[in-house]
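A.B. asks: Input: one structure, supplied below.
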Amino acid sequence: QVQLVESGGGLVQPGGSLRLSCAASGSIFSINDMGWYRQAPGKERELVAGITSGGRTRYIDSVKGRFSISRDNAKNTVYLQMNSLKAEDTAVYYCNAKILVKLAAPPANYWGQGTQVTVSS
């Protein structure tokens, strides 16, 4: 079964940086879109950044210019470089990937376990 394993979360001061990683493993034929979501206490989950299989990216307005999503297709891994972090970025971050497991079925979304990012002085 497909698994997405995240790493890189932690505590950082405002203005600092973190780099999140998410590696997919298991029965994978191909991966198309990948992305990072976050959920802060009392708020709904939101898509922070997404990247297509061809490398096209998109970001939520609040992180544009500060966050950068990238992927390494050979490693089935997606990254989120987070710079100039603000307290408002504090949330649990989840990676997501749309993965084709077998040709007879359509791609399905898979989720990482979540990693806590806390921005506080």
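The values are calculated or read from the model by the stated rules, or taken from the named source; none is laboratory data. Predicted model only: the values in this text are computed from it and were never measured. So basically every Cβ, Gly included, is an ideal-geometry build from the backbone, and we count neighbours across all protein chains shown. In case anyone asks, the SASA skips ligands and DNA or RNA and just uses the protein heavy atoms, side chains included. Shrake-Rupley method; radii C 1.70, N 1.55, O 1.52, S 1.80 Å.
A.B. asks: What do you reckon, is GLY16 part of a loop (DSSP other than H, G, I, E, B) and open to solvent by less than 30 Å² (accessible area, probe 1.4 Å)?
C.D. replies: When the stated conditions are applied, GLY16 passes them.
A.B. asks: Consider ILE69 against the criteria (1) more than 18 Å from ASN32 (Cα to Cα); (2) aliphatic (A, V, I, L, M); (3) in contact with a Leu (Cβ under 8 Å, 6 or more places away or on another chain): it satisfies all of them except one. Which criterion is unmet?
C.D. replies: (1)
A.B. asks: Mind telling me which of the residues GLY35, GLY55, GLY50 ends up being outside any helix (DSSP H, G or I) and on the phi > 0 side of the Ramachandran plot?
C.D. replies: Within the list GLY35, GLY55, GLY50, the selection yields GLY55.
A.B. asks: State all residues of the stretch 102-121 that are in contact (Cβ under 8 Å) with a residue 40 or more places away in the chain and open to solvent by less than 40 Å² (accessible area, probe 1.4 Å); if no residue qualifies, say none.
C.D. replies: Within the stretch 102-121, GLY112, GLY114, THR115, VAL117, VAL119 qualify.
A.B. asks: Let me ask another. Against the condition surrounded by 13 or more Cβ atoms within 10 Å (Cβ to Cβ) and on the phi > 0 side of the Ramachandran plot, how does GLY42 come out, does it pass?
C.D. replies: So GLY42 fails the test.
A.B. asks: Restricting attention to the stretch 78-91, and to residues there that are part of a loop (DSSP other than H, G, I, E, B) and of a type outside the set (A, V, I, L, M, F, W, C), which single residue is surrounded by the most Cβ atoms within 10 Å (Cβ to Cβ)?
C.D. replies: First, pick out the residues of the stretch 78-91 that are part of a loop (DSSP other than H, G, I, E, B): 83-86, 90.
The next check asks that each one be of a type outside the set (A, V, I, L, M, F, W, C); those that pass are 83-84, 86, 90.
Numbers: ASN83: 14, SER84: 13, LYS86: 14, THR90: 17.
Looking at residues that are part of a loop (DSSP other than H, G, I, E, B) and of a type outside the set (A, V, I, L, M, F, W, C), I get THR90.
A.B. asks: Inside the stretch 19-31, can you point out the residues that are exposed (fewer than 13 other Cβ atoms within 10 Å of the Cβ) and farther than 19 Å from SER7 by Cα?
C.D. replies: Listed by number, the residues that qualify are SER27, PHE29.
Results for (1) touching a helix residue (DSSP H, G or I) at 6+ places or on another chain (Cβ under 6 Å); (2) open to solvent by 30 Å² or more (accessible area, probe 1.4 Å); (3) in contact (Cβ under 8 Å) with a residue 60 or more places away in the chain; (4) basic (Lys, Arg), shown as yes or no for each residue.
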site: ARG56; (1), (2), (3), (4): no, yes, no, yes
site: SER62; (1), (2), (3), (4): no, yes, no, no
site: ASN73; (1), (2), (3), (4): no, yes, no, no
site: ASN76; (1), (2), (3), (4): no, yes, no, no
site: TYR93; (1), (2), (3), (4): no, no, yes, no
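A.B. asks: Just need a number here: residues in the stretch 33-54 that are more than 18 Å from THR115 (Cα to Cα) and at pLDDT below 95.
C.D. replies: Filtering the stretch 33-54 down to residues more than 18 Å from THR115 (Cα to Cα) leaves 33, 51-54.
Cutting the leftovers down to at pLDDT below 95 gives us 53-54.
Residues that pass the stated criteria total 2.
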